[in-house]
């Protein structure tokens, strides 16, 4: 009687236990969207499926970002002196030896790339493609970077067994711009960061307002100052209605080719007391900055997903965003949709968001209702289903 039970137990254990390796460079070194996605996914997997061995491959580790991961992850760093010195060489070719030594059963590239010898791996490979913005908007990227992204993305898409994407927009781009068959692509939506789901007191919100010298009432736009994000149009729209409202405009972001033009416009139109650029906001403070705002405007021309949409929903503030593409996919009916190329459209939306109390309440309620569609649990479960079908 014991033998059948033992065989059954072993089979169950084998089915449940997997050794999964991740390219964790972004997770352990980047505070940006790609790093955030990686940490949300890893924490979600560890919470929902703690029985697996999750191995994180990274050339170096930012201890503050490592502290955001919860659970017994296995850290894998370069071993040889050569690879410790030449990190790109290790990430592109050297990880294979360690993957074999660790008996890894599946490899997941979390940020648009796989090692350049991945075609020789004897294990299933998954890659997440977040966007192809470097093809749509090459003006936002250095020329050399664009070429490297093209080569790495094409290689990863060719050699991955499954490509995961966060939106229908990116799925369509991968199919048409990289020539990937639809059957190879799996859609698993991004998730809002759990820090935005916490409850905060008014005292905490006011403390952050004072710490960053935020105005008493403001509309918020988040993101680096790149042309496609349309900060300048937001600014032009706001200038046209500034005399009709006491609300200010706050940009939170760092760097980007449009920053100087934005600063010049503020100076030329004497908007120093109405428009504020806030840099280097600590990630932990961002939910409080959102909650301090009267609303969020997100008029980007193109994105892979659009996390500020979910962050606005989780922060109980109304949202203005671009009609169509991934924006409508994520926002559903919970936004005022605008033509991102029209200052007039953006201006009218701002006034409506500020002045129409019923509209504000409806948008907040609709946004809150959409959040369960974008939880870390659904991200983890959707990704794990892909793994189980491969291993």
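Nothing in this text is a laboratory measurement; each read-out follows from the coordinates by a stated rule. As the structure is a prediction and not an experimental result, all values here were calculated from the model. Cβ sites come from the backbone with ideal geometry, for glycine too, and all protein chains shown count toward neighbours.
Would you mind putting 20-28, 250-258, 194-202 in packing order, based on average other-beta-carbon counts within 10 Å, highest first? Working shown, then result.
Numbers: 20-28: 25.2, 250-258: 18.0, 194-202: 12.9.
Going by the mean number of other Cβ atoms within 10 Å, highest first, we get 20-28, 250-258, 194-202.
May I ask you to compute the full-extension gain from residue 369 to residue 243, defined as 0.36 nm times their residue separation minus their alpha-carbon distance, rounded to one decimal in nm? Write out the running numbers ahead of the final one.
Values: separation 126, 0.36 × 126 = 45.36 nm, distance 3.45 nm.
Residue separation times 0.36 nm, minus the Cα-Cα distance, leaves 41.9 nm.
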Problem set entry | Rg ratio (alpha-carbon, reference 2.2 N^0.38 Å) - the chain | 1.06
For this session: Work out the FRET efficiency for residue 70 and residue 268 from their Cβ-Cβ distance, taking R0 = 51 Å, and round it to the nearest 0.05.
Result: 0.60
Problem set entry | Inter-label distance for residue 378 and residue 103, nm, one decimal - labels placed 7 Å from Cα along Cα-to-Cβ | 3.7 nm
For this session: Find the centroid of the Cα atoms in segment 236-286 and in segment 18-85, then give the distance between the two in whole Å.
Result: 35 Å
Exercise. How far apart, in nm, are two points set 7 Å out from the Cα along the Cα-to-Cβ line at residue 216 and at residue 79?
Worked result: 6.4 nm
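Using 1/(1 + (r/R0)^6) with R0 = 51 angstrom and r between the beta carbons of residue 284 and residue 93, what's the FRET efficiency to the nearest 0.05?
On the way: r = 37 Å, r/R0 = 0.72.
The value I calculate is 0.85.
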Exercise. Helix 202-211 sits at what angle to the longest principal axis of the chain, using alpha carbons and giving 0 to 90 degrees rounded to 10?
Worked result: 80 degrees
Exercise. Which values, in whole Å and largest first, are the semi-axes of the equivalent ellipsoid of segment 109-186 obtained as the square root of 5 times each eigenvalue of the Cα gyration tensor?
Worked result: 20, 16, 9
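Between residue 207 and residue 260, what is 0.36 nm times their sequence separation minus the Cα-Cα distance? Round to one decimal in nm. Display every interim value, and only then the final one.
Working: separation 53, 0.36 × 53 = 19.08 nm, distance 2.96 nm.
Length difference between fully extended and current span is 16.1 nm.
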Problem set entry | Pairwise FRET efficiency - residue 172 versus residue 323, Cβ, R0 = 25 Å, nearest 0.05 | 0.90
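Between residue 199 and residue 17, what is 0.36 nm times their sequence separation minus the Cα-Cα distance? Round to one decimal in nm.
Taking 0.36 nm per residue and subtracting the Cα distance, the gain is 62.0 nm.
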Exercise. P(r) of segment 190-310 in 5 Å steps, Cα pairs, percent per bin?
Worked result: 2, 10, 22, 23, 22, 13, 7, 1, 0
For this session: Show that you can apply the helix-only estimate: for the chain, add -39,500 (n - 2.57) for every DSSP H stretch of four or more residues, divide by all residues, and state [θ] at 222 nm to the nearest 500.
Result: -13500 deg cm²/dmol
For this session: With a point put 7 Å past each Cα toward its Cβ, work out how far residue 182 is from residue 277 in nm, to one decimal.
Result: 4.4 nm
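Taking every DSSP beta bridge that has both residues in the chain, what percent is antiparallel when rounded to the nearest 5?
Working: 0 of 39 bridges.
Once the DSSP bridges in the chain are tallied, antiparallel ones form about 0 percent.
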